[in-house]
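I am attaching a structure below and will ask some questions about it afterwards.
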Amino acid sequence: MNTDLKGKNFVVTGAGSGIGRATALALAKSGATVFVSDLNLKLAQKTVLEITGLGGSATGHQLDVTKKSDCIALADLVQMERGRLDGWVNNAGVSSMNRLTALTEADWDFNMDVNAKGAFFGTQAAVSVMEKQTPDPVSGLRGKIINVASMAAKRGNAPFLAHYVASKFAVLGFTQAIAGELAELGITANSVCPGYVATSMQERELEWEASLRGISVERVKELYIADTPLRRLETAEDVASVILFLASSASDFITGEAINVNGGAFMD
Ligand SMILES: NC(=O)c1ccc[n+]([C@@H]2O[C@H](COP(=O)([O-])OP(=O)(O)OC[C@H]3O[C@@H](n4cnc5c(N)ncnc54)[C@H](O)[C@@H]3O)[C@@H](O)[C@H]2O)c1
């Protein structure tokens, strides 16, 4: 499988931690120049240091995916500095947890704004640059959009996460809708759907779920593993390697897909 990304330029949002960090590292190890962006610039710069420490190429950028102007500014910067934007990974995401009747409008807006609207703004910004590029002479493609959705984008049965589930179903619907439209421009759009990934987001969720269920954090972790046929928690690297596939020429003829990476926790 050819995952050589030498000379290619990628933006990863929320790349200061978890899946975004692992994705930025995987892309850089494959030769890409990575624009590591995060709401938290210090975290982004930490990822950049890891990449440059390994001899890779990366720069750090403060970017809030809920701000359209931030996304446009970074897409334009890549175009200006590198002459081409090959891929944009809409990874930044948030969650909160509560029973339906306790969820607030702020919970709903926070999850929808970062997870769904963030993917919309990131994609708009990326496409506005990609559509003006010449197609790759081999693949005929101008660029790739990769959205980090979730198992919760396909399986609604996720207690305390009604608003998060709604935001991730939105990401999958959005990905399918744009895949048809962007195919005409030679731009692919795909999603990955991770399961129970051990990141700082999961650490927060373990605490919330334990408290809502009245059980221990360890017990919640056991339940996640019991729900996963491959019987372990997922790692950020498990997800990053599938994103790398979607970023590479090995996936040039795939668009509109939503690839499960969940150890079998949900199959469709
Ligand atoms: N951890 C899981 O179990 C899991 C499962 C399925 C899907 N996901 C999805 O994977 C993605 C990454 O999650 P993670 O588990 O690595 O979480 P994480 O909390 O470890 O990392 C998320 C990163 O996004 C950044 N971020 C938050 N709001 C932002 C904003 N407005 N603009 C830019 N950056 C922002 C944070 O600073 C953080 O660095 C999310 O979209 C999440 O919904 C996670």
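The values are calculated or read from the model by the stated rules, or taken from the named source; none is laboratory data. This structure is a prediction, so every number in the text was calculated from the model and none was measured. Note that each Cβ is placed from the backbone with ideal geometry, even for glycine, and that neighbours are counted across all protein chains shown.
Examine region 59-73 for a residue that is within 18 Å of the chain's Cα centre (by Cα), hydrophobic (A, V, I, L, M, F, W, C) and within 23 Å of F245 (Cα to Cα), and state whether such a residue exists.
The answer is no; no qualifying residue exists.
Looking at region 61-84, which of the residues that are part of a loop (DSSP other than H, G, I, E, B) and closer than 17 Å to K8 by Cβ is nearest to the ligand (Cβ to nearest atom)? Outline the logic, then answer.
Let us first name the residues in region 61-84 that are part of a loop (DSSP other than H, G, I, E, B), namely 63-67, 83-84.
If we keep only those that are closer than 17 Å to K8 by Cβ as well, we get 83-84.
Values: G83: 25, R84: 23 Å.
Across region 61-84, the extreme among qualifying residues is R84.
Which numbered condition in (1) of a type in the set (A, V, I, L, M); (2) within 27 Å of A258 (Cβ to Cβ); (3) surrounded by fewer than 23 Cβ atoms within 10 Å (Cβ to Cβ) is the only one that A102 fails?
Against the list (1) of a type in the set (A, V, I, L, M); (2) within 27 Å of A258 (Cβ to Cβ); (3) surrounded by fewer than 23 Cβ atoms within 10 Å (Cβ to Cβ), A102 comes up short only on (2).
Which number in (1) under 17 Å from S241 (Cβ atoms); (2) assigned to a helix (DSSP H, G or I); (3) more than 15 Å from the ligand (Cβ to nearest atom) marks the one condition that T52 misses?
Only one criterion in (1) under 17 Å from S241 (Cβ atoms); (2) assigned to a helix (DSSP H, G or I); (3) more than 15 Å from the ligand (Cβ to nearest atom) is unmet by T52, namely (1).
Which residues, taken from region 9-31, are more than 15 Å from I146 (Cα to Cα) and either not basic (K, R) or not assigned by TED's automatic domain parsing to the domain that holds D76 (or both)?
G16, S17, G18, L25, A28, S30, G31
Still on this model: Working only within region 85-99, note down all residues that are among the aliphatic types (A, V, I, L, M), crowded, with 24+ Cβ neighbours inside 10 Å and either assigned to a loop (DSSP other than H, G, I, E, B) or away from the ligand (no atom under 16 Å from the Cβ) (or both). Steps first, please.
Looking only at region 85-99, we keep the residues that are among the aliphatic types (A, V, I, L, M), and these are 85, 89, 92, 94, 97.
Those left that are additionally crowded, with 24+ Cβ neighbours inside 10 Å: 85, 89, 92.
Passing the criteria: L85, A92.
Another question, if that's okay. For region 202-232, what are the residues that are of a type outside the set (S, T, N, Q), in a helix (DSSP H, G or I) and without any contact (Cβ under 8 Å) to a residue 12 or more places away in the chain? Don't jump to the end; show me each part of the working.
Within region 202-232, the first condition is being of a type outside the set (S, T, N, Q), and the residues that meet it are 203-210, 212-215, 217-227, 229-232.
Checking which are in a helix (DSSP H, G or I) leaves us with 203-210, 212-213, 217-226.
Once the filter is applied, which keeps residues that are of a type outside the set (S, T, N, Q), in a helix (DSSP H, G or I) and without any contact (Cβ under 8 Å) to a residue 12 or more places away in the chain, region 202-232 yields E203, E207, A210, R213, V217, E218, R219, E222, L223, A226.
Taking region 3-20 as the region of interest, how many residues are within 16 Å of the ligand (Cβ to nearest atom), touching a residue at least 60 places away in the same chain (Cβ under 8 Å) and in contact with an Asp or Glu (Cβ under 8 Å, 6 or more places away or on another chain)?
At the first step, the residues of region 3-20 found to be within 16 Å of the ligand (Cβ to nearest atom) are 10-20.
Still in the list and also touching a residue at least 60 places away in the same chain (Cβ under 8 Å): 10-15, 17-20.
From the residues that got through so far, the ones that are in contact with an Asp or Glu (Cβ under 8 Å, 6 or more places away or on another chain) too are 10, 13-15, 17, 20.
Adding up the residues that qualify gives 6.
Please tell me if I254 is surrounded by fewer than 20 Cβ atoms within 10 Å (Cβ to Cβ), under 24 Å from K29 (Cβ atoms), within 19 Å of the chain's Cα centre (by Cα) and among the β-branched types (V, I, T).
For I254, the condition - surrounded by fewer than 20 Cβ atoms within 10 Å (Cβ to Cβ), under 24 Å from K29 (Cβ atoms), within 19 Å of the chain's Cα centre (by Cα) and among the β-branched types (V, I, T) - is met.
Q124 fails exactly one of the following numbered conditions: (1) touching a Cys at 6+ places or on another chain (Cβ under 9 Å); (2) crowded, with 24+ Cβ neighbours inside 10 Å. What is the number of that condition?
Status for Q124: all satisfied but (2).
Only one of S37, S95, S128 is over 27 Å from L182 (Cβ atoms), touching a helix residue (DSSP H, G or I) at 6+ places or on another chain (Cβ under 7 Å) and touching a residue at least 24 places away in the same chain (Cβ under 8 Å); which?
S95
Inspect all residues belonging to region 148-163 and state whether any of them is assigned by TED's automatic domain parsing to the domain that holds L246, crowded, with 23+ Cβ neighbours inside 10 Å, more than 16 Å from the ligand (Cβ to nearest atom) and more than 22 Å from R99 (Cα to Cα).
no
Tell me, which residue of region 176-201 that is without any contact (Cβ under 8 Å) to a residue 12 or more places away in the chain and either surrounded by 14 or more Cβ atoms within 10 Å (Cβ to Cβ) or in a helix (DSSP H, G or I) (or both) is nearest to the ligand (Cβ to nearest atom)?
The selected residue is A177.
Okay, moving on. Just name the residue that is surrounded by the fewest Cβ atoms within 10 Å (Cβ to Cβ) out of those in region 134-147 that are hydrophobic (A, V, I, L, M, F, W, C) and modelled with pLDDT of 95 or more.
L141
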